[in-house]
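These notes are about the structure you will find just below.
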Amino acid sequence: MEIKKATFYDLIDVLFLLRDCITDMNSKGLKQWNSTYPGPEIMKNDIEKETLYICTDLGIARGMINLSDEIPEEYNEIKWKGKSDKVLYINRFAVNPIWKDSDVAQQLLAFSEKYAAKNKYSGIRLDVLDNFPVDSAFFTAKEYEFAGEFHSTFQKMPYTCYEKNL
């Protein structure tokens, strides 16, 4: 498996990955993502900013993750415990449902932590939709600590924020 910075040549693979993830989530009643978010424009923007990374194996996109130092607006109401001088934010973390039982998620998270350490970030922050207990368990098992919750205008369930200090 290889994790690399996504390019415009990878956009179709990224969009197919998203479609498979959205279809799987919606079939389970989980409505975090839909056909407009995160849509093609958002993914193109992530690629332009060079913040999107994809995990491929034999030329197939198995997962992706966006690593950015841009603070999501929704995080302004969270009382973070760690240092806020240089923080890496994870979003659009997705693994194709076909490989959900593989180590793709672990590899993407390990890549993120190595990236953060190499680039001297003081911590990593992220959020998960509250009704995704598997996601919450995954991050707490990796020593991410609960930091707070926020509500969005388009989601009934709250988002739970986690952070890990480095």
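When both region 90-166 and region 1-71 are represented by their alpha-carbon centers, they are found 15 Å apart.
What is the order of Arg62, Arg92, fewest Cβ neighbours within 10 Å to most? By the 10 Å Cβ count, ascending, the order reads Arg92, Arg62. Computed about the Cα centre, the dipole magnitude for the chain is approximately 200 debye when only Lys and Arg (+1) and Asp and Glu (-1) carry charge, each at its Cβ.
Any idea what the relative contact order of the chain is, in percent, if you count C-alpha pairs under 8 Å spaced at least 6 apart? If you can, show how the numbers build up before the last one.
Values: 265 pairs, mean separation 35.4, N = 166.
Dividing the mean separation by the residue count of the chain yields 21 percent.
The fewest-to-most ranking of Lys31, Lys120 by surrounding Cβ atoms within 10 Å reads Lys120, Lys31. By the count of neighbouring beta-carbon atoms within 10 Å, fewest first, Phe139, Phe8 end up ordered Phe8, Phe139.
Counted residue by residue at 0.36 nm each, then reduced by the alpha carbon distance between them, the extension gain from Leu30 to Lys81 reaches 15.4 nm. List the lysines whose Cα sits under 18 Å from the Cα of Lys28, skipping any in the same chain fewer than 8 residues away. Within reach: Lys100, Lys156.
Roughly speaking, what is the stretch gain from Lys118 to Ile60, that is 0.36 nm per residue apart minus the C-alpha to C-alpha distance, in nm to one decimal?
18.2 nm
Straightening the chain between Glu70 and Ala141 buys 23.0 nm, computed as 0.36 nm per residue apart minus the Cα-Cα spacing.
Each reported figure results from applying straightforward, stated rules to the coordinates on display, with no laboratory input. Worth saying up front: this structure is predicted, and the values here are computed from it rather than measured. Glycine gets a Cβ as well: all are built from the backbone with ideal geometry, and neighbour counts include every protein chain shown.
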